[in-house]
Amino acid sequence: MSFVGRSEDEERRMLAAIGVGSFAELLGTVPESVVVRDPLPVEGPLSEIDLRRRFGGWSRANHADRAVSFLGGGAYDHYIPAAVNAIAMRSEFATAYTPYQPEVAQGTLTAIFEFQSMIAELTGCEVANASLYDGSTAVVEAALMARTHLGRTRVVVAGALHPNYLDVLRTYLDGRDLTVVADRGGQCAPEDLRQALGQDAACVIYAQPNFFGLLEDARAFHALAHEAGALAIAACDPIALVVLEPPGRSGADIVVGEAQSLGNPPCFGGPMLGFFACSRALVRRMPGRIVAETADAQGRRGFVLTLQTREQHIRREKATSNICTNQGLLGAVGMREVAELCVQKTHHAARVACGIPGYARAHDGAFFREFVLECPCDAAHVVATALPLGVLPGVDLGQFRPEWKRHLLVAVTEQRSAEEIGRWAQALERGAA
């Protein structure tokens, strides 16, 4: 969201109102020994032209100006229409404050309401919140919500969830409370999940598509979770939900995921955002906050925050989460076309790669937008030899597990052309030579 800062005159009036002569007086309790009096050893100030030249040089050093990307694994290079920024940056959506006071934040509240509506439609759930930090924290918040709701502690992960998500789960949970069902051929077998559930599981978490790009048996997972008295949590890709059955309609109690692909560029480290949706029965335990439509005294349409579970709000000690909102307004036009192009181009790339001696798909089964390619050598070598050709060929999975060192996770979005896929294939051939 855009932020409108305070003017110097406003700052003076605010300081006068609280009886402080200057902003420095507010920092009076900071020990003198840690106060920096001299300018920082940073070059500048620089003009806008110099700044653009400097950042452009750093960008070129990362091959951002010429490398074609087949990277995936959680962040994807989708096209962002000009309309997204044109709409999101309009002054109507700018505010000087967060949405706690609706009378001064109608633009922000409107954007969040539209975001929630889109997520609810994609997931097939009754309620969606105003987003979370990222996909990993959305998964964790879903698990914590299930534990609180059922009074159970054990969390079961079915198959190939993103390794980073697993790390965040381990950070939040006691190791004894986390059971991971190993994938079999890249996917989780329902019979393996049944054996792992028992009668003390709070929830089952699965990814759709999973970390390898493969599609899991969602309906079977939902049924098995409910048989064991647990909640079913689907960690989904929002682009895939356009062409797959929405999990909320087939039995998922909570649907979460990473929504970077809906309109944020794949920058290193972000900006990411997590979406969170659930059934109406769980809404009182949902983390974050929810924007709803209302009417003012004159009957005019407006928006307000309706449910807020954070401790800094009126919930106080009854808070279920301290998570906060991240992003609000993204783009959704043409999503079905994007999803279909991803499927077509990814399958085309997989066929091309399998025609190169030494390469083969690591897993069978249906996949969406990305797949794991088994290489004739270490994937790290393929990546290193492709970079001088201006190709980022995929994610080296050896960084996650040693046994995956010959596996390359390849993502093909609607942005990749036939010529670029051809360049990628040439890079693979060079890596195998």
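The values are calculated or read from the model by the stated rules, or taken from the named source; none is laboratory data. Computed from a predicted structure; not experimentally measured. All Cβ positions, even for glycine, are placed from backbone atoms using ideal geometry, and neighbour counts span all protein chains on display.
From the list Ile80, Ile112, Ile87, Ile119, pick out the single residue that is of a type in the set (A, V, I, L, M) and part of a loop (DSSP other than H, G, I, E, B). Checking each option against the conditions leaves just Ile80. Checked against (1) modelled with pLDDT of 95 or more; (2) closer than 24 Å to Glu337 by Cα, Arg361 passes all but a single condition, namely (2). Among the conditions (1) touching a strand residue (DSSP E or B) at 6+ places or on another chain (Cβ under 7 Å); (2) modelled with pLDDT under 95; (3) part of a helix (DSSP H, G or I), Ala130 misses just one, which is (3).
Within the range 72-122, the set of residues being under 30 Å from Gly422 (Cβ atoms) and either of a type in the set (D, E, K, R) or surrounded by 20 or more Cβ atoms within 10 Å (Cβ to Cβ) (or both) comprises Gly72, Gly73, Gly74, Ala75, Tyr76, Asp77, His78.
Yes/no per residue for (1) within 30 Å of Leu428 (Cβ to Cβ); (2) in contact (Cβ under 8 Å) with a residue 40 or more places away in the chain:
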| position | (1), (2) |
| --- | --- |
| Ala67 | yes, yes |
| His78 | yes, yes |
| Ala82 | no, no |
| Ile87 | no, yes |
| Arg90 | no, no |
| Pro102 | no, yes |
| Thr137 | no, yes |
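Have a look at Pro238, Pro266 and point out the one that is in contact with a Leu (Cβ under 6 Å, 6 or more places away or on another chain) and not in a strand (DSSP E or B).
Pro238
Taken over the range 191-217, the residue count meeting the criterion of being without any contact (Cβ under 8 Å) to a residue 60 or more places away in the chain and not basic (Lys, Arg) is 18.
Among the residues of the range 218-235, how many are assigned to a helix (DSSP H, G or I), more than 21 Å from Arg369 (Cβ to Cβ) and not aliphatic (A, V, I, L, M)?
Of the residues in the range 218-235, 4 are assigned to a helix (DSSP H, G or I), more than 21 Å from Arg369 (Cβ to Cβ) and not aliphatic (A, V, I, L, M).
Tally up the residues in the range 123-146 that are within 12 Å of Val255 (Cβ to Cβ) and buried (at least 22 other Cβ atoms within 10 Å of the Cβ), please. Residues in the range 123-146 being within 12 Å of Val255 (Cβ to Cβ) and buried (at least 22 other Cβ atoms within 10 Å of the Cβ): 8 in total.
Within the range 257-279, is there a residue that is out of contact with any helix residue (DSSP H, G or I) (no Cβ under 6 Å at 6 or more places or on another chain), of a type outside the set (Ser, Thr, Tyr) and modelled with pLDDT of 95 or more? Checked the range 257-279: at least one residue is out of contact with any helix residue (DSSP H, G or I) (no Cβ under 6 Å at 6 or more places or on another chain), of a type outside the set (Ser, Thr, Tyr) and modelled with pLDDT of 95 or more.
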